[in-house]
Amino acid sequence: MPAPATGSATVVYPANWHTVTAPPTAACRYFDPAAITVPADPSTLTTAVMIKSDPAATYDAALAAATNPTAWNVLTNQAATVSGLPATLIEATSTAGSPGVPAGSTRYGYLINAGGHPVWIETVGTAGDATYTSNKSVVDLMAAESTFSAS
């Protein structure tokens with residue numbers, strides 16, 4: 001299934017979860033325990049777990065933005081590897097608000113360096129909430145079991 005960057009991916013997610021296959025720009029990027037209906041404007045779609053490109057031009061710029069202490073209260077920032085690619089596991093609460101992460105919400109995810117292209121496997125919610133905690137486990141599963149290519 002296509003990845004958000006220039007490479008490709010085989011994404012592993014819980015068998016009882018759902019993803020979308022169309023439109024092609026949304027295929028295998030959105031995951032949820034409930035059936036997913038793609039809105040007329042797919043860019044507005046939000047699900048429990050998402051795989052998406054970071055708007056930053058480079059991985060280093062995305063990492064700096066995701067851990068900027070003026071915009072985030074960083075709870076976890078640790079080096080990781082996802083499918084052999086360098087990554088960083090980040091859990092941070094937004095203090096300033098950013099696209100997809102309103103102020104006060106917490107993002108948990110792996111920022112992957114896919115050949116210089118920053119790509120997230122992430123969930124956003126309320127730290128400590130049971131649904132958020134469950135979704136974090138799905139993010140960890142996806143990061144551990146999925147295969148990404150940087151080419």
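Table for the structure above
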| read-out | value |
| --- | --- |
| Accessible-area composition of the range 51-116, carbon plus sulfur, in percent [1.4 Å probe] | 55 percent |
| The range 42-134: relative contact order in percent, alpha carbon pairs under 8 Å with at least 6 residues between | 28 percent |
| Among Ser83, Ser98, Ser53: highest mean-square fluctuation, GNM of the chain, C-alpha pairs under 10 Å | Ser98 |
| For the chain: accessible area per residue (Å², 1.4 Å) | 46 Å² |
| Gyration tensor verdict on the chain (Cα atoms; rounded if a/c is under 1.5, prolate if a/b is larger than b/c, oblate otherwise) | rounded |
| By accessible area with a 1.4 Å probe, ligands and nucleic acids excluded, highest first: order of Asp140, Asp54, Asp60 | Asp60, Asp140, Asp54 |
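The values are calculated or read from the model by the stated rules, or taken from the named source; none is laboratory data. Just so it is clear, the model here is predicted, and its values are computed rather than measured. Areas reflect the complete protein model, heavy atoms only, side chains present, ligands, DNA and RNA absent. Shrake-Rupley method; radii C 1.70, N 1.55, O 1.52, S 1.80 Å.
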